[in-house]
Each structure stands twice: as C-alpha cells, then as structure tokens.
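Student: Before anything else, here's the structure in question.
Bear in mind these aren't lab numbers, they're just calculated from the coordinates by the rules spelled out. Being a predicted model, the structure only gives us computed values, none of them experimental. Using ideal geometry, Cβ is built from the backbone for each residue, glycine included, and neighbour counts are taken over all protein chains shown.
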Amino acid sequence: MAKTCEVLTPKINVPMGAVLKNTFKGVGSTSGERNFDIEVLCRGGVQANIVWQGGSSNGVITADSTSTSAGMGIQIFERDAPLVFDAEQPLGSLSTLTKLPYKARFYQTENRIAAGSLMTTAAFTVNYK
C-alpha cells in the first residue's frame, strides 16, 4: 500500500460569533472559545507532522486589514496549550482518517480595544514520509 496523506479540510472557516467588549479585562484576556478540527486521511502508516504559519507568540493570529475591531486577535490552542507557529508539530503514525482537534478564541492584544469585525488568516501544511 502506498504511503499517502490528504487533508480533507484544506480551508476552514471558524465562526467565532459575538462577544461583549466588557468581557475583556486587559492584554492577554480571552473569550468566546470555539472548537474546530482538521481532517487528514492517511494510508500506509505514514509519519506526519503539521506546520502552522501566520501567527505570532502565544498562538495569536493578528487581525487582517479588513477587520474593523482593534486590539484583538484570535488565539489557536492545541491540546490546551497555545499553538506554536513556524515549527513542526509531530502527529505520529497515521493510517486512517484522523481528526486533529483545535480551539480558537478571542485574545486581547492591546490595552485599548474597539468593537467591530475581526478577520484573521493562518495557513497549515501537513508533511509526511
């Protein structure tokens, strides 16, 4: 059997909903946690890893230019720890459909915040051998 992997969810939109501005108490405060999964179908017991791009320290993705809010970002979590960007994260040996669970939440990045829309973008690559 050939060793292959296919990402079944290459583009993921995570609807974050609305949160009240007064739920944020200062830089680093969070609100509005949402779960999402990346689905990967692998065959042949491949050794896989994932690399995320587009974020900064503490797993935070900053607002893009279409956002109307200020002082906010989206924080991504993996296994209850902030995601590490630009580093290989081992997924282990995969040989079937695997759901990779993640969480996203609003994250206050600046002392002053302004209500509005918040759009962010991150990318991920699944490598295998």
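Student: Exposed loop GluC sites (Glu not before Pro) only (DSSP loop, at most 16 other Cβ atoms within 10 Å): please give the longest stretch of the chain free of them, not including the sites. Present the calculation step by step, with values, prior to reporting the outcome.
Tutor: Details: sites that count: Glu88, Glu110.
Formally, the longest exposed-site-free interval is 1-87.
Student: Within 10 Å of each residue's Cβ, count the other Cβ atoms and sort Leu41, Leu118 from fewest upward. Mind showing how you got there, number by number?
Tutor: Details: Leu41 14, Leu118 20.
If I rank by nearby Cβ atoms, fewest first, I get Leu41, Leu118.
Student: Using a simple spin-label model with points 7 Å from Cα along the Cα→Cβ vector, what separation in nm is obtained for Glu88 and Thr23?
Tutor: 3.8 nm
Student: Please identify the trypsin sites (Lys or Arg not before Pro) of the stretch 1-70 that satisfy two criteria: DSSP loop assignment and at most 13 other Cβ atoms within 10 Å. Which are they? Working shown, then result.
Tutor: Working: sites: Lys3, Lys11, Lys21, Lys25, Arg34, Arg43; in loops: Lys3, Lys11, Lys25.
Within the stretch 1-70, the qualifying trypsin sites (Lys or Arg not before Pro) (loop, at most 13 other Cβ atoms within 10 Å) are Lys11, Lys25.
Student: May I ask for the percentage of alpha-carbon pairs in the chain that lie more than 20 Å from each other?
Tutor: Working: 3823 of 8256 pairs.
Summing the P(r) tail past 20 Å for the chain gives 46 percent.
Student: Let me know the number of lysine pairs in the chain closer than 25 Å at the Cα, not counting same-chain pairs under 8 apart.
Tutor: Final tally of qualifying lysine pairs is 9.
Student: Contact order normalised by length for the chain, with contacts defined as Cα pairs under 8 Å and 6 or more residues apart; what percent is it? Let's see the in-between values first.
Tutor: Working: 304 pairs, mean separation 47.2, N = 129.
37 percent.
Student: I would also like to ask the following. Report the FRET efficiency, 1/(1 + (r/R0)^6), for Thr68 and Thr9, where r is their Cβ-Cβ distance and R0 is 30 Å, rounded to 0.05. Provide the component values of the computation, followed by the final result.
Tutor: Working: r = 28 Å, r/R0 = 0.92.
It comes out at approximately 0.60.
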